[in-house]
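One structure is given here, and the rest of the page talks about it.
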Amino acid sequence: MSSGSRSAEPPPKKRCPHSTTAPELTLGAPRAQAASGRYVTKGGVTIDRLVQPLADPSDALEGLIDQLDQERGCVFQSSYEVPGRYARWTMGFVNPPLAFEAWGRRFSISALNKRGSALLPAILAALQGIPALASLKADGDAALHGTVKEVETFFTEEERSRQHSIFSVVRALIDLFGYELEVQLGLYGAFGYDLTFQFEAVTLHQKRDASQRDLLLYLPDEIFVVDILSNAAWKLRYEFTVGSDSTAGVPREGAAVPY
């Protein structure tokens, strides 16, 4: 499972879809076109992945961009290549089931549709097991709200990035949905500069807007991918099952609000 929206050098040649060897990680560019199939994540989530080729990448991309005028989602695109830094790939999605937002040490994980509501019980159970949280509560099947403990009074430099922070929640989500051979499913969005202050107490001199988010990440369940070098395009559709909770058969939809 990947996190963020960075790009990297071109992916290696395709592997056998049934290979048990972990592919080499990149900085976010697809390593290869995935194959349809089923797998179980580190956190016990059963995922069914369907891969559908797209005949006209241009039309599909323009349609997705038009949807972003009023529906939640992201498009990440790079038209040039710099080895180790940028790759000519395009990926995007609309109407993801979940949004993870943070304001300082306060956070919410919101279901953006019924598919997201089906995932909240598993996320609640996963977060209840981590020591970094000071509070955690469920708002029905709509959202989870919590706060992260303050940083410890003393720690070594080597322990800095492992202190209690919003990234403790990010790691818990990766542990829940992560699978070593998954090439595309991940958390995508934006990280704010003020997240750096969570690792050590710093006196702030500028006034902050209390409503300003420090982090916004989405977990998509349908991802559009284009390999610009070969002009190949495909769509990945994911179904999630945890116990009796499943997204199978639940419509992929979201609120439409003009930007």
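Name the residue that is nearest to Thr41 (Cα to Cα), counting only residues in the stretch 160-195 that are polar (S, T, N, Q) and modelled with pLDDT of 85 or more.
Among them, the one singled out is Gln184.
Taking Lys137, is it modelled with pLDDT of 95 or more, more than 15 Å from Gly43 (Cα to Cα) and open to solvent by 40 Å² or more (accessible area, probe 1.4 Å)? Steps first, answer last, please.
Numbers: modelled with pLDDT of 95 or more: yes; more than 15 Å from Gly43 (Cα to Cα): yes; open to solvent by 40 Å² or more (accessible area, probe 1.4 Å): yes.
It is true that Lys137 is modelled with pLDDT of 95 or more, more than 15 Å from Gly43 (Cα to Cα) and open to solvent by 40 Å² or more (accessible area, probe 1.4 Å).
Looking at (1) at pLDDT 90 or above; (2) over 25 Å from Lys235 (Cα atoms), can you tell me which one Gly73 breaks?
In the conditions (1) at pLDDT 90 or above; (2) over 25 Å from Lys235 (Cα atoms), Gly73 misses (2) alone.
Considering each of Ala201, Ala248, Ala210, Ala232 in turn, give the residue that is of a type in the set (Gly, Ala, Ser) and touching a strand residue (DSSP E or B) at 6+ places or on another chain (Cβ under 6 Å).
Ala248
Find all pairs meeting these conditions: Cβ atoms under 8 angstrom apart; at least six residues apart or on different chains; first residue within the stretch 187-204 and within 14 Å of Arg105 (Cβ to Cβ); second residue surrounded by 13 or more Cβ atoms within 10 Å (Cβ to Cβ) and among the acidic types (Asp, Glu).
Close Cβ pairs (under 8 Å, with a partner that is surrounded by 13 or more Cβ atoms within 10 Å (Cβ to Cβ) and among the acidic types (Asp, Glu)) amount to Gly192/Asp214; Asp194/Asp214; Leu195/Asp214.
Which residues, counting only those in the stretch 51-80, are within 27 Å of Arg38 (Cβ to Cβ) and open to solvent by 80 Å² or more (accessible area, probe 1.4 Å)?
Passing the criteria: Pro53, Ala55.
Is it the case that the stretch 227-238 has a residue that's crowded, with 18+ Cβ neighbours inside 10 Å and farther than 27 Å from Ser78 by Cα?
No: zero hits.
For the structure I just gave you, tell me whether Thr247 is more than 14 Å from the chain's Cα centre (by Cα) and open to solvent by 40 Å² or more (accessible area, probe 1.4 Å).
For Thr247, the condition - more than 14 Å from the chain's Cα centre (by Cα) and open to solvent by 40 Å² or more (accessible area, probe 1.4 Å) - is not met.
The values are calculated or read from the model by the stated rules, or taken from the named source; none is laboratory data. Source: prediction; values computed, not measured. Virtual Cβ from ideal backbone geometry, glycine too; neighbours counted across all protein chains shown. All accessible areas refer to the heavy atoms of the entire protein, side chains included, with ligands and DNA or RNA removed. Shrake-Rupley method; radii C 1.70, N 1.55, O 1.52, S 1.80 Å.
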